[in-house]
Amino acid sequence: MDDAAVIAALRARDEKVFAELMRMYNASLLRVALIYVATRAVAEDVVQETWIGVLNGIDRFEGRSSLKTWIFRILTNIAKTRGQREGRTVPFSALERPEAVPEAAVDADRFLPPDHPRWPGHWASKPEPWPEERLLAGETRAVVEHAIEELPPPQRAVISLRDIEGWSSEETRNALGVSETNQRVLLHRARSKVRQALEDYFAEAG
Amino acid sequence: MSVSIEQLSCQELVELVTDYLEGVLPAGERASFEHHIEGEGCKGCHEYVHQMRQTIELTGSLTPADVSPEAKAALLGAFRDWRAD
């Protein structure tokens with residue numbers, strides 16, 4: 001169904017289409033809400049309010065952005081207000097200026113020092129191949145899940161939208177209201193940490 | 001900025017992996033990147049890039065978390081109220 005068909009169905013009060021939209025977006029909405037509010041319970045409230053906002057606004061929606069972007073903008077506004085009311089400081093630097101706090105993809109001590117006479121910055125201890133047969137094990141997947149849960153919320157939101165939901169970089173940056181570059185920085189840090197968690201896991205278990 | 005093949009160290013390369021996979025590396029850096037990891041190039045970085053791809057694939061195999069069934073039921077209730085208005 002394209003946007004126009006979904007909008008028409010919502011305006012016609014089609015419950016099936018509404019339920020389907022919720023199924024498609026609930027998980028992502030929750031992840032994004034968690035950038036701004038502290039707990040899952042509050043994030044669920046925010047998602048709930050968002051859908052009510054969607055229903056109340058759909059008759060006036062002009063289609064200047066995609067439906068998805070519009071829904072996420074409603075969510076972001078509600079979540080920001082809610083976060084401020086809770087006295088939570090919105091992590092502007094993390095979301096809008098991620099480069100302000102540098103983070104290395106791989107610990108510096110994995111590399112030879114910059115003053116090394118022959119191979120500055122080359123691997124001191126290089127990555128070893130992972131055991132293929134264990135990659136798809138449930139336990140490995142749990143390691144990935146746990147690593148994502150541990151990420152700072154902006155990184156968690158970006159990797160969830162990009163790599164779990166399979167959104168494009170454009171959809172992701174529109175939903176989050178961040179620049180293309182910042183979207184990529186957040187994705188890079190998130191993926192690097194998940195890779196590191198897997199490496200640690202296989203090194204320990206191996 | 002163009003980085004010559006000799007200048008791209010492993011420590012620099014790991015910071016460029018996402019730009020590389022996203023297809024946004026400028027041509028010069030892309031050439032250095034590929035030269036570094038391909039053929040008789042650096043085995044460590046070759047493996048690193050492979051692991052990043054494996055990581056992305058594994059993440060993609062996760063099932064998205066969902067909101068609670070109670071929250072969903074409440075929303076369908078809200079939907080019916082809205083429709084009745």
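All of the numbers you see were taken from the coordinates with simple rules; none came from a lab. Computed from a prediction, not measured in an experiment: that's the story for all the values here. Neighbour counts run over all protein chains shown; Cβ positions are idealised from the backbone, glycine included.
So how do A:77-84, A:125-132, A:183-190 stack up, highest first, on mean other-Cβ count within 10 Å?
Details: A:77-84: 18.1, A:125-132: 14.6, A:183-190: 23.5.
Per-residue Cβ counts within 10 Å, averaged per peptide and sorted highest first, yield A:183-190, A:77-84, A:125-132.
Sorted by mean Cβ packing within 10 Å, highest first, what order do the peptides B:50-56, A:13-19 take?
Numbers: B:50-56: 18.3, A:13-19: 15.3.
The densest-packed peptide leads the list: B:50-56, A:13-19.
Computed from backbone phi with θ = phi - 60° and the Karplus coefficients 6.51, -1.76 and 1.60, the 3J(HN,Hα) list for the range A:46-55 is 4, 4, 4, 4, 4, 5, 5, x, 5, 4 Hz; x is used for glycine and proline.
If you add up the charges near residue A:172, with Lys and Arg at +1 and Asp and Glu at -1, over every other residue whose beta carbon is less than 15 angstrom from its beta carbon, what do you get? Net charge around residue A:172: +2. Peptide A:119-129 is shielded by partner chain Cβ atoms: per residue, an average of 6 of them sit within 10 Å of its Cβ. Normalising by residue count, the protein assembly as shown has a Cα convex hull of 160 Å³ per residue.
Rg and Dmax of the range A:48-206, based on Cα coordinates, read 19.8, 68 Å.
Computed from phi, the 3J(HN,Hα) profile of the range B:70-85 under the Karplus parametrisation 6.51, -1.76, 1.60 (θ = phi - 60°) reads 4, 4, 5, 4, 4, 5, 5, x, 4, 4, 5, 4, 5, 5, 6, 4 Hz, with x in place of Gly and Pro. Just add up the charged neighbours of residue B:42: K/R +1, D/E -1, any other residue whose Cβ is under 12 Å from the Cβ of residue B:42. Combined, the nearby Lys, Arg, Asp and Glu give -3. Taking amide hydrogens as placed 1.01 Å from N in the peptide plane, the amide H of residue A:111 sits under 5 Å from those of A:124, each at least 5 positions away in sequence or on another chain.
For the residues A:110, A:31, what sequence is obtained by ranking on other C-beta atoms within 10 Å, fewest first? Write down the numbers at each step before the final one.
Numbers: A:110 18, A:31 24.
Going from least to most buried by this count: A:110, A:31.
Here the spin labels are modelled as points 7 Å beyond Cα on the Cα-Cβ line, and at residue A:103 and residue B:30 they lie 2.8 nm apart. Rounded if a/c is under 1.5, else prolate if a/b beats b/c, else oblate: with a ≥ b ≥ c from the C-alpha gyration tensor eigenvalues square-rooted, which is the range A:116-206? Oblate.
In terms of the Cα gyration tensor, with a ≥ b ≥ c the square roots of its eigenvalues, is the range A:96-143 rounded because a/c is under 1.5, prolate because a/b exceeds b/c, or oblate? It would help to have the intermediate numbers written out before the result.
Numbers: a/c = 4.82, a/b = 1.39, b/c = 3.46.
Oblate shape, in that a/c is at least 1.5 and b/c is the bigger or equal ratio.
Across peptide B:44-50, the average count of Cβ atoms from other chains found within 10 Å of a residue's Cβ is 5.
Report the net charge of residues surrounding residue A:132, where surrounding means a beta-carbon distance below 14 angstrom and charges are Lys +1, Arg +1, Asp -1, Glu -1.
Details: positive: A:134, B:53; negative: A:128, A:133, B:47, B:57.
With Lys, Arg at +1 and Asp, Glu at -1, the net is -2.
For residue A:15 and residue A:136, what does the FRET efficiency come to when R0 = 45 Å and r is the distance between their Cβ atoms, rounded to the nearest 0.05? All intermediate terms of the calculation are to be shown ahead of the outcome.
Details: r = 38 Å, r/R0 = 0.84.
Result of the calculation: an efficiency of 0.75.
Evaluate peptide A:23-33: per residue, the Cβ atoms of other protein chains within 10 Å of its Cβ; return the mean as an integer.
If you average over the peptide's residues, the count of other-chain Cβ atoms is 3.
So for the range A:35-81, what percent of the C-alpha to C-alpha distances run longer than 18 Å? In whole percent, the long-distance tail amounts to 27.
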